[in-house]
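Every number here is computed from the coordinates shown, using simple stated rules; none is lab data. Since the structure is predicted, the reported quantities are computational estimates derived from the model, not experimental observations. Ideal geometry is used to build each Cβ from the backbone, glycine not excepted, and the neighbour counts take in all protein chains shown.
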């Protein structure tokens, strides 16, 4: 993959080579590479006229569908960066992201126009914008590989999301690095399963289009239903599927328990990211569907452009009975994040800044061409999280301090060991618990509140909010989601407040009212005691 080209230029190369090959399809239509190229050209010309000659940030407030892909390509061709503004997010959060990114223009569709962020120019897009009668631009702006391609917002510990600015070169370096793990080509069919607000979508989109493959946009309905997704995988003859392990668990369960589910002989890769792999779910899948597909565990972060390490799970690890324990002295296959991708350096450092020795725990630091530009409009945070360090080779290098912990094994294998802070991953989304707590504490009648990660009775990771009533309430009355009337704050009211202010993936799965929050001997909230109440 040529890292001297921009993303839309990689696409243009494929469009010139195979113009009539299918590029993208949703549940309504299919576009060839030529059609996608022409439609995005016309929309890019319109964006250029709307924003002027300088670079701009364009908000995308669009439902799932081919139009998202057309819009992303058009924004990049116009020399701009796109800012995902998922219309399923709460309006307050969408407004914050649009304002914080100072987007020059928001692209939306007819259904989303009324809910588009206020105070911004809005362009409602439809097929009329890229018909043959639409004026094209004789010459689109020149774009450098170092130019920003997108800004994706992640959860922030201060109570507000923070934008991560990523360049074209960061993404082309990702594509180049992943070739050591995943071999893709024009015969592959990829799913765009994830929201374009989640950086997993960047890999899905460009993994397909940069290699001349076909991208199938998964509808919201199919994304929510494992049974529907299995039918789509079969009908579309998907070869590359990207999944968060906790979501794949449901897919694997449906594949093994739903009557009449047919095999998927075309599936070549299942690529995991965002969480530790559920190895038993993989074993169940292979027992039901055979060993034709390879399973790949990738580790990475938005700030380092999706993936930084990766490895294929070995047959000896997964073609064994469900529930097979890890052999003594062996690495846990679900936690083994594999070696660094080409061009990356992974350093595991202890609290005093020295490389962790075998058997030690340390924080993961990453260096390489995929390190993002930084946090949008936050130079101090960028300097803090992207320090310049001088390590083994004596050469100063820019690193990203991940906040993730790893155990260094004697054989050099790195096992993911959780977070060094209050950040957690739920369904692949990185969540700052502090942001969730900050939002929930603004609910009327809340006294004290803490959010803790927990595991549900069926083994799913989730957030649980424990709270007390405000001073006006009857704090002496213990309660849960079923607390009787008489307390000042009901769990369902707090849940409604959360759903109105937070994306669905950040809303706790349970809200439990307690008389008071327990304290540890040091005077801090005893989160372990709260989690013990759930058992």
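With the highest mean first, a sort of the peptides 313-324, 238-249 on other beta-carbon atoms found within 10 angstrom per residue produces 238-249, 313-324.
Could you tell me the calculated FRET efficiency between residue 291 and residue 124, based on Cβ-Cβ distance and R0 = 41 angstrom, to the nearest 0.05?
0.25
Simple spin-label estimate for residue 17 and residue 358 gives 4.4 nm between the two label positions (7 Å along the Cα-to-Cβ direction from each Cα). Extension gain, residue 377 to residue 500: 0.36 nm times the residue separation minus the Cα-Cα distance gives 41.6 nm.
Expressed as a whole percent, how much of the Cα-Cα distance distribution for the chain exceeds 32 Å? Summing the P(r) tail past 32 Å for the chain gives 46 percent. Pair-distance distribution of the range 298-349: all C-alpha pairs, bin width 10 Å, starting at 0; shares per bin in whole percent are 21, 45, 25, 9.
Name the shape class, rounded, prolate or oblate, that the alpha-carbon gyration tensor gives for the range 362-467, where a ≥ b ≥ c are the square roots of its eigenvalues, rounded holds for a/c under 1.5, and otherwise prolate holds if a/b is larger than b/c and oblate otherwise. Walk me through the intermediate numbers first.
Details: a/c = 3.10, a/b = 1.56, b/c = 1.99.
The shape class here is oblate.
Sorting the segments 442-450, 266-274 by their residues' average number of neighbouring beta-carbon atoms within 10 angstrom, most packed first, yields 266-274, 442-450.
Normalised radius of gyration for the range 223-317, please: alpha carbon Rg relative to 2.2 N^0.38 Å, two decimal places.
This ratio for the range 223-317 stands at 1.05.
The calculated 222 nm mean residue ellipticity attributable to helices in the chain amounts to -8000 deg cm²/dmol, summing -39500 (n - 2.57) over DSSP H runs of n ≥ 4 and dividing by all residues.
Taking the Cα atoms of the range 173-218, the ratio Rg/Rh between the radius of gyration and the Kirkwood radius comes to 0.95. A Förster distance of 56 Å, applied to the separation of the beta-carbon atoms of residue 29 and residue 395, puts the FRET efficiency at 0.60.
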